[in-house]
Structure formats: C-alpha cells, structure tokens
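Beneath this line is the structure, given in structure tokens, with notes to follow.
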Amino acid sequence: MESNRAKDAVSQRIQAMVNRVADLKARERYFYNMPVTELRGGARAIVNGRDMGMYASYGYLGLLGHPRIGEAAKAAVDKYGTGTNGVRTLAGTLDLHVELEETIADFKHAEAAVTYTSGYATNLSVISTLMGRGDWIISDKYNHASIVDGCMMSGAMFRRFKHNDMAELEKRLIQAPADVAKLVIADAVFSMDGDIIDLPKVVELCQKHDAWLMMDEAHSVGVLGKTGRGIEEHFGLGDVVDIKMGTLSKTIPSVGGYVAGKKDMMDYLRHASRAYIFSAALPPAQAAAAMESFKVILDEPWRMESLQANTDQFIGGLKSAGFDTMLTETAIVPILCGDDERAYDLTAACQAKDLFMLPVVSPAVPNGLARLRSTVTATHTTDEIAYALDVITKAGKEIGII
Ligand SMILES: *Cc1c(COP(=O)(O)O)cnc(C)c1O
C-alpha cells in the first residue's frame, strides 16, 4: 500500500529538486559538487583528472597551500591534537584561540575579537544575540543568506533596502520608531556582484539616526585596503564600524568566523551568544592556520598589489570584449549571461578549455541575471588571465552573449 507521505509537500519538494538536478546531469549541464583532487597553487587545481585554471575560488590572495600556513597547522596538531575538549566556555579554549583573537583584533584595529566555528554561525549567532523583539534591523537586499537567517532568527523587525540605495536606507531609518534600537547591516563587498557598499554614506546615516553598524567582510578582508584590512581602510575612515564581522574560510584559508569591536560588546557575546557557548571550539590546526594567514598577509604585501593588477586586467579585458560585469570593482567578477541556459553553456565552453568556472543561477540571483561568478587571485599570471579572456571571449561570441 502506498503511503500518503509519497504525495505530501515534503516529498514534492524533494522530487522537484531531484528532477531538476537529473535533467541538468542528463544534458551535461550540472557543474556543482565536483571534487578537486589536487591543488596546484592558488590559481590552478586538478579537477576530474585535468589541470585547470581556477576562477571560482574564494582564496583571493592565493594563500591555500602556503608553506608557512601549512607548517603552523601541522605544529598545532603535534602540540594539541586534532580537536578540542569541547566548547570555548568550558574546557575548549586554548592559548591558540586567545592569540588568534588578539591577532584579529590587531589586524582590524579593534579592541577585541571573538571567533566562532563558522562564518555562517557567526552571523546567525551575533545578530540574534544583539537584536531581539522590538528592535529594528535594516539590511541591504543583496546581503548574504547567513545575515538574512540571523535577522529572521532574532525576532527583530526586519526591513530591507534596495541594494546599495542610500536614499532607501535613510527612508527605513526614518520609519523606525525613535526609541527602538536600530542595526544597519551590509556585506562590505557583495558576494555575487563584487561591488562595494557606500560605507561613507552608511556611516553618516547611522550617526545621524543613532543606529549600530555591522559589516560582513567575508569578501573584503584581504581584498580591500592597501594592506588588506578591509572596508574601513579602503575608504580611509578609521574605526567607524561597530561590529566588524568576517570569515576565516575565504582569503584566510581555514574555517571559522569572527567579530571584532569594542571590548564590552565582545565580552557580552562571549557570555551570551549561543554558537560560542553551545558549539565546539575551532580545532587547533584551523586556529593556527588562520592566525598565520593574517601575518602572511602583512608580511607579503605583493599579494595585495598583484590581486589589484590581476583584477584590473580581468575586468578590463572582459569589458573591452563587450561583457557586462555589472558594478564590480573587486576580484569577484560577474560575467552576466542572462537566462540560466546561457550561463550553463558558457560554463561548459570554458570548462572544455580547462577553465574552472561556475554558473550562479536563480534563485541564488534574480531571474534573468544568471552569470558566471568568476574570481581572480593574486597568484594568477598575466598569461593565464590573457588565456582565460581569450577563451571566454570566443565562447561568449559563439553563444551570443556578446
Ligand atoms: C561565505 C560567507 C559567509 C559565511 O562564511 P563561512 O565561513 O563560509 O561559513 C558569510 N557572509 C558572507 C558575505 C559570505 O560570503
């Protein structure tokens, strides 16, 4: 006898996704979850047995596989083993965690920092700890899913403003009742578009309307600012962001997340945020790798210079070929394709020529704005980027994107 469950909403949702994936696989248009089998520096990798140029990495400074960072991780395993004795509050804190948090605070020119075991959990926990029922959160429409989830979980009034639209941001601030706590939150560099938040204006509005300010620096640390310190350095603004959030999983080739800010706020989060209290501490190898990475960024300033030059070469080349790269000014370079199918076609053509590029389609981006979300790193060579531009341009013409 067939059970009713086979027809219920959960089964239907599962079946719809299974069908969508099966259809893409049958047409050789499924590109996700491909195993990388070997690293060849930050700019190349072995995928499906082929040596490919890597244009889908979050490792903007090419630090993955860096010998100093690998050695730091190995030494930490030898000294502390592979895990911790539990959560930070009880037996899980190591001197490594304390040093890592000091290193981050120093790097971000903040009084203190708190780390968590993922960037996603950081946003979820920090936002929902600081904000609650009756408070107002005002969030950019293109903010990362982890921010949106944190806002929903907080129970606060959750209002969004049109992407990077400062007039709408001010409208929302004015709509909030005068006596409620307000938090404005945005990605510093937007993860799908690569454009930069108008921080000077956001700061002005937050000061004018007495709002707290939080920036998610997942894609700006090691990308923006002369020394890679991020959005405040980029705009030459000093310490203007109350809650400086970032991840340890992108430019920093480890895993985890952090917030930096005033000491009292960090103490509060250490004793009130649930991801800190109820989830195990960062493993020693990952904490040590993260700490060494911040030092490498400062010791090897050529990486920031090279990233900037490579970004300019890549965006400049795509634009002069006629591609729409939207408003990006950073190493995240959307190559706009239009509908999902054209993004799949361009991906297939690039991968056939050994460029590891990936499509981002709806619902991750709005319908009709499907794209290749490509990235360059500090360690690509000028010749590699020239080759990639040549391949993308030829394929773009054949498919009719340009
Ligand atoms: C990746 C990302 C996160 C989550 O970080 P993880 O360390 O991968 O969990 C948060 N915010 C933004 C903007 C991101 O791109």
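The values are calculated or read from the model by the stated rules, or taken from the named source; none is laboratory data. On a predicted model such as this, the values are computed, not experimentally measured, just so you know. Cβ placement follows ideal geometry from the backbone for every residue including glycine, while neighbour counts extend to all protein chains displayed. We work out accessible area using only protein heavy atoms, side chains counted, and drop any ligands, DNA or RNA first. Shrake-Rupley method; radii C 1.70, N 1.55, O 1.52, S 1.80 Å.
Think of a 1.4 Å ball rolled over the protein heavy atoms: the chain then has 45 Å² of accessible area per residue. Most simply put, the chain has about 60% antiparallel DSSP beta bridges, counting only bridges with both residues inside it.
A simple rule links phi to the HN-Hα coupling: the Karplus curve 6.51 cos²θ - 1.76 cosθ + 1.60 with θ = phi - 60°, which for region 8-23 gives 6, 5, 5, 4, 5, 5, 4, 4, 4, 5, 4, 5, 5, 5, 4, 4 Hz, with x for Gly and Pro. Taking only the Cα atoms of region 324-393, the ratio Rg/Rh comes out at 0.96, with Rh defined as the Kirkwood radius. Scanning residues 5 or more positions from Arg40 or on other chains, those with amide H under 5 Å from its amide H are Ala45, Ile46, with H placed 1.01 Å from N in the peptide plane.
Note on the chain: along the principal axes its Cα atoms extend 60, 58, 50 Å, ordered by decreasing extent. Sequentially through region 73-87, phi angles give Karplus couplings (6.51, -1.76, 1.60; θ = phi - 60°) of 5, 4, 4, 5, 5, 4, 7, 10, x, 9, x, 10, 8, x, 7 Hz, Gly and Pro residues having no value and appearing as x. Among beta bridges identified by DSSP and lying wholly in region 179-304, the antiparallel ones come to about 40 percent. Counting only Cα atoms, region 1-156 measures 58, 54, 37 Å along its principal axes, largest extent leading. When the accessible area of the chain is computed with all protein chains present and a 1.4 Å probe, what percentage of it is carbon and sulfur? Exposed carbon and sulfur together represent 54 percent of the surface.
Ranked by the mean number of other Cβ atoms within 10 Å of their residues, highest first, the peptides 292-303, 70-81, 369-380 fall in the order 369-380, 292-303, 70-81. Taking the helices alone, the chain has a mean residue ellipticity at 222 nm of -13500 deg cm²/dmol, built from -39,500 (n - 2.57) per DSSP H run of at least 4 residues and averaged over all its residues. For region 67-196, the ratio of Cα radius of gyration to the globular rule of thumb 2.2 N^0.38 Å stands at 1.32. Near the amide H of Val333, within less than 5 Å, lie the amide hydrogens of Ser374, Thr375, Val376, all on another chain or at least 5 residues away, with H placed in the peptide plane. Projected over every direction and averaged, the convex hull enclosing the alpha-carbon atoms of region 32-88 yields 5.9 nm².
Across region 251-402, the convex hull enclosing all Cα atoms gives 164 Å³ per residue. Normalising by residue count, region 161-306 has a Cα convex hull of 132 Å³ per residue.
Remark: region 361-402 is approximated by an ellipsoid whose semi-axes, taken from the C-alpha gyration tensor as √(5λ), come to 24, 16, 4 Å, largest first.
Pairs from the table (Lys74/Lys108; Lys182/Lys244; Lys182/Lys208; Lys201/Lys244; Lys182/Lys262; Lys208/Lys244) lying more than 23 angstrom apart at Cα are Lys74/Lys108. Beta bridges assigned by DSSP with both partners in region 83-235 are antiparallel in approximately 5 percent of cases. Less than 5 angstrom separates the built amide H of Leu213 from those of Val184, Asp242, Ile243, all sequence-distant by 5 or more or on a different chain. Sequence-distant contacts, meaning Cα pairs under 8 Å at least 6 residues apart, place the relative contact order of region 136-286 at 15 percent.
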